[in-house]
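A quick write-up on the structure given underneath.
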Protein chains: 2
Amino acid sequence: MSDAAAQHPFDAAIALEHVGPDLMRGATTPDYANMIGPFGGVTAAVFLRAVERHPDRIGSPLSLTVNYAAPVAEGEFDISVRAVRTNRSSQHWLLELGQGGVVAATATAVFGNRRDTWTDTEIMPPSAPPADVVERSQAMDFLAWTRNYDMRFVEGGIPTETDGEQPESTTTLWVGDHPARPLDFPSLAALCDVFYPRVFKRRGQAMPAGTVTLTVYFHADPEHLERQAEEPVLATAGARQYSRNYFDQTAEIWGRDGNLLAIGHQLVYFKG
Amino acid sequence: MSDAAAQHPFDAAIALEHVGPDLMRGATTPDYANMIGPFGGVTAAVFLRAVERHPDRIGSPLSLTVNYAAPVAEGEFDISVRAVRTNRSSQHWLLELGQGGVVAATATAVFGNRRDTWTDTEIMPPSAPPADVVERSQAMDFLAWTRNYDMRFVEGGIPTETDGEQPESTTTLWVGDHPARPLDFPSLAALCDVFYPRVFKRRGQAMPAGTVTLTVYFHADPEHLERQAEEPVLATAGARQYSRNYFDQTAEIWGRDGNLLAIGHQLVYFKG
């Protein structure tokens, strides 16, 4: 098997080459295409990877915010990556993804070194049968990126014509990269965005919708990821309010032993 | 009464003058001083005000993310304000707050025009007696900014020595500017940050802690704010997980008639 054949599609999608001191170049791949432009999760992942690959980077990610300004067009893109401030234990980054001189997305990230402290989790993971007894959901042909995830819905699967309106928006699923791939920070960031829009469940139908801004808080550190390895995560999401074209979403990504690996918040545009 | 005397301390704290096409200048005020540097909420507010005052701005705020890179020093600061992308109904902004050429904070914001859509709120406001029957909390002498808020704790007041450790982190309070001031987007952003660090309640004691990044999703539009006027809001916040120096916080800001005006998420550093 050649190296190219051995590369996971996710790694190909977030691959970057250095083209300047604070500038990296990547390209969209058909594997992670969404309706228009790439899956938002892979854009978040490539921003995070850009910081990870920067020679000045310290520590691991604490937070990432991505603003989706316009669909990323098929083809190459440049990411400018700037460390605006480096402190003793944390580092602040500003990033822009451009194509032909036009900004398609921006991001800010905070990285840092962590130390042991008092630890506690106030909430419980959702209850779910083990992943291997839940049926794998079929990928959606018109959303290429879904072919690269193993999704097993426990609650709130993709609405069908017979579902009708629902009184609340929770979706819970087992999910992992397909084929399986050791969890890293870029894939964890992408997992925060795997949920179909909450308004689809509430209204029982699809409608125009798209993430405007995504924020991920990383509770996991590198040791947590190593322990998680290629196991699927238990992901759950819901919304609080829908009002005049926008709703919020909060997602929790749970790992082995009821460990909360990340929280993802987003504001989503909808029309309907 | 002169104009200066008539100006609310909050308006003085977020006042900006244009010093270049994409550059504004403000200054910290003693009224909103925190332990070190200004109250984080007022920094969020001044970023939002900078976009509001930019001649190219369209619509009202949808989201704001502020990364606190270092304490803002007492005195003047410059805010660079750049519209990185303007679409038909939304606009993406990138901002940096600098002092002497060094970045102290960054922000991204999304503004836009909203239209009527299907509307729903999935969650309920916390139960609370009316604001006027709840006792006003005393301002803390060592935190000047608290003098400029009327805070009435319904649950989870500031821990005293006798409180000890608590099993969960919820704080709910009636809160408004003091003296009363009509609610606007900058003050709404600041209100998302009025909570003392959740870890203080859990551990029953104060310890070094500070917000690293704050994201606000604005569900309110200008009509909601007009209806709210000078009435206090019902604000509630809690945390999900504390792990290796960082915990998350989610706040809900509820207005008249059980209207969810904003959601604030933050990641907070702590040591202890």
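The values are calculated or read from the model by the stated rules, or taken from the named source; none is laboratory data. Please read all numbers here as calculations on a predicted model, not as lab measurements. Cβ coordinates were reconstructed from backbone atoms using ideal geometry, including for glycine residues, and neighbour counts include every protein chain displayed. The area values use the complete protein model at the heavy-atom level, side chains included, leaving out ligands, DNA and RNA. Shrake-Rupley method; radii C 1.70, N 1.55, O 1.52, S 1.80 Å.
Details
- Reported to the nearest whole Å, the Cα centre-to-centre distance from the stretch A:128-159 to the stretch A:30-72 is 23.
- Choice from A:Arg227, A:Arg49, A:Arg147 with maximal GNM fluctuation in chain A (Cα, 10 Å cutoff): A:Arg227
- Each other copy places its own label point for B:Ala6 at 7.5 nm from this one, sorted shortest first, where the point lies 7 Å along the Cα-to-beta carbon line.
- Considering only A:Gly156, A:Gly255, A:Gly20, the mean-square fluctuation computed in a Gaussian network model of chain A, springs between alpha carbons under 10 angstrom, is largest for A:Gly20.
- Amide H within-cut-off set for A:Met151, under 5 Å, with H built and near neighbours excluded: A:Ser137
- Its residue count N fixes a reference of 2.2 N^0.38 Å for the protein assembly as shown, and the Cα radius of gyration divided by that reference is 0.93.
- Here the Karplus relation 6.51 cos²θ - 1.76 cosθ + 1.60, evaluated at θ = phi - 60°, turns the backbone of the stretch B:90-101 into coupling constants of 9, 8, 10, 10, 10, 9, 9, 9, x, 9, x, x Hz, with x for every Gly and Pro.
- Interchain or long-range residues, amide H under 5 Å from B:Ala104's placed H: B:Leu97, B:Gly98, B:Gln99
- Where GluC sites (Glu not before Pro) in DSSP loops with at most 16 other Cβ within 10 Å are excluded, longest remaining stretch of chain A: A:1-73
- Solvent-accessible area, 1.4 Å probe, carbon plus sulfur percent, for chain A: 49 percent
- Relative contact order computed over chain B (Cα-Cα under 8 Å; 6+ residues apart), in percent: 17 percent
- For the stretch A:68-225, the relative contact order works out to 16 percent when only alpha carbon pairs closer than 8 Å and six or more residues apart are counted.
- Looking at the protein assembly as shown, the DSSP beta bridges with both ends there are about 100 percent antiparallel.
- Volume of the Cα convex hull of chain B, divided per residue and given in Å³: 146 Å³
- For B:Lys201, the lysines whose Cα comes closer than 18 Å to its Cα, not counting residues fewer than 8 places off in the same chain, are B:Lys271.
- Helical content of the protein assembly as shown, expressed as a calculated mean residue ellipticity at 222 nm, amounts to -4000 deg cm²/dmol (DSSP H runs of 4 or more residues, -39,500 (n - 2.57) each, divided by residue number, nearest 500).
- Solution diffusion estimate, µm²/s, Stokes-Einstein, the stretch B:1-113, Kirkwood Rh from C-alpha pairs, 20 °C, viscosity 1.002 mPa s: 149 µm²/s
- Summarising the strand pairing of the stretch A:1-127, around 100 percent of its internal DSSP beta bridges are antiparallel.
- All Cα-Cα distances of the stretch A:81-120, cut into 5 Å bins from zero to the largest, leave 6, 19, 20, 15, 13, 11, 8, 4, 2, 1 percent in each bin in turn.
- Most mobile of B:Thr119, B:Thr211, B:Thr28 in a GNM of chain B (Cα contacts under 10 Å): B:Thr119
- Buried solvent-accessible surface, both chains (B, A), 1.4 Å probe, Å² to nearest 100: 6100 Å²
- Per the Debye calculation on the stretch B:153-272 with a single equal scatterer at every Cα and no solvent contribution, log₁₀ I(q)/I(0) for q = 0.12, 0.15, 0.17, 0.19 Å⁻¹ amounts to -0.44, -0.66, -0.82, -0.98.
- A 1.4 Å probe run over the protein chains yields, for the protein assembly as shown, 40 Å² of accessible area per residue, whole-number rounding.
- Each copy carries a label point for A:Pro130 at 7 Å from Cα toward Cβ; from one copy, the others' points are 5.8 nm away, ordered from shortest.
- Occluded residues from the stretch B:115-164, i.e. those whose accessible area drops by 10 Å² or more once the chain is not alone (1.4 Å probe): B:Arg115, B:Asp116, B:Thr117, B:Trp118, B:Thr119, B:Asp120, B:Thr121, B:Glu122, B:Ile123
- Taking amide H positions as modeled 1.01 Å from N, with prolines and chain starts lacking one, the residues under 5 Å from B:Gly204 and 5 or more places away or on another chain are B:Gln166.
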